[in-house]
Amino acid sequence: MPRRPSSARKASSRQQPASDLSVLLAPTEKSLSQLAYERILDLLVKRELPAGTVMQERRLAEFLDISRTPIREALYRLETEGLVTRAPGNSLIVKEFSLGELIQILQVRQMLEAEAAILSIDRISGKDLDDLEAHILRLREHGDPQAAENREVDKRFHELLAEASGNAVLAGLIRDLRLKTQMFNLSRLPERFAPVHNEHLAIIAALRAKDPNAVRAGVGAHIENIKLSIMRKLGAIG
């Protein structure tokens, strides 16, 4: 379990007197469950809870300073999303995604994200595209930006296109698949910062031109290049 942050805030679900205004302002059990989910998910994506880690309710509750019921609900949600799985003995562990699973995930992302981007053509605003392009150009001109900055802009790019599709189900599927991609241990793989920026800029240009064929080709090439880069690197490692 990673070290507990000093700023972890207390999220208690203890009952307060009905006359106490704090009971009306306190987090509900539902919001505590969402908070627990988001905090655990962040630990998973950052791989502070690596693949194979046993997810113990009690320890997570103590670490996050949240009661066990919201933790249990968050773990159930993560299990239904396929990010944690049952091990022999019925314990929950962080799922380890194989290369084969990652390739399949990327293949599905290729289809879904291309469709989402095409649907977004008439919905996405010029301002959103301008803002996104400005962030990408700033990173590209920086020369040696932090990996976290690049990943944040990458996240913003893919989320914007998915949400602008106007299809909440499609956006949710893309979100879940992207989370699974992030769960794969890519720490030994090269960062593709410059190529990714150029691919994103090409997609933005296609969206501005309202050219569905160019949008589909751009998104397809972008995810295909990610897949090929991973396969080449892992082949060299193996």
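Worth a mention:
- Tally, over the range 199-214, of residues that are of a type outside the set (D, E, K, R), in contact (Cβ under 8 Å) with a residue 24 or more places away in the chain and farther than 12 Å from E133 by Cβ: 1
- For E73, the stated conditions do not hold, so it cannot be described as touching a Gly at 6+ places or on another chain (Cβ under 8 Å) and on the phi < 0 side of the Ramachandran plot.
Coordinate-derived values only; no laboratory data. Note that the coordinates shown come from a computational prediction; the quantities given were computed from them, not determined experimentally. Virtual Cβ from ideal backbone geometry, glycine too; neighbours counted across all protein chains shown.
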